[in-house]
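Before any comments, here is the structure.
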Amino acid sequence: MSWRLSLIAATAAALALIAGAAAGGAVDRDLATLKAPVIHESFTPLPCTGKPKARDTLQQEGCAEQQILGTDARIDTLAGSIFARLSDRASKGRFITAQKLWLSYRHADCLSRADVFEGGSQAPVVAAQCAAARNEERIKDLQSFLAALSGAQ
């Protein structure tokens, strides 16, 4: 259920960003203060327990959530490094928007994948494992972005 509420909130935020960008005027809180984006998860993390090949679904979900939190921290660090190297307000604003839209995509995509198991105990596991995998992909993208920025300066 918390993943579904996250999707609704993330989708609403993404639509507001898109509408604001299209209108050319609306500036959200992060753009106004120009702070590096930081991921805030909506779930209360479960512990990662049990042996890897013998975990029940709650244990699997907890391990995936712990992986999400770890990769979130790596994304936040990379995002902070990239943000510090961006030279002007416009590029920083676009980066904030891109991060928010990527996070909205991650939520929507992973919930969609979990829909295959809707109502079952595997659905939140699939959603969490998907989010962890999407985070790993984002880390590679941000590392590439940072390398390009470092080479350009």
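Computed extension length for Phe43-Ala108: 21.9 nm, one decimal, from 0.36 nm per residue of separation with the Cα-Cα distance subtracted.
Considering only Cα atoms, the convex hull volume of the stretch 44-153 works out to 105 Å³ per residue. Loop-located trypsin sites (Lys or Arg not before Pro) in the stretch 35-120 (DSSP state not H, G, I, E or B) with no more than 14 neighbouring Cβ atoms inside 10 Å: Lys35. Rounded, prolate or oblate: pick one for the stretch 64-114, where a ≥ b ≥ c are the square roots of the eigenvalues of its C-alpha gyration tensor, a/c under 1.5 means rounded, and failing that, prolate if a/b is larger than b/c, else oblate. Since a/c reaches 1.5 but b/c is at least a/b, the shape of the stretch 64-114 is classed as oblate.
Simple spin-label estimate for Asp115 and Ser81 gives 3.7 nm between the two label positions (7 Å along the Cα-to-Cβ direction from each Cα). Between the C-alpha center of the stretch 78-105 and that of the stretch 106-153 there is a gap of 17 Å.
Every read-out reported here was derived from the displayed coordinates using simple, explicitly stated rules and does not represent laboratory data. Just so we're clear, the structure is a prediction, and the values are computed from it rather than from any experiment. Quick reminder, even Gly has a Cβ in these numbers, built from the backbone with ideal geometry, and neighbours come from all protein chains shown.
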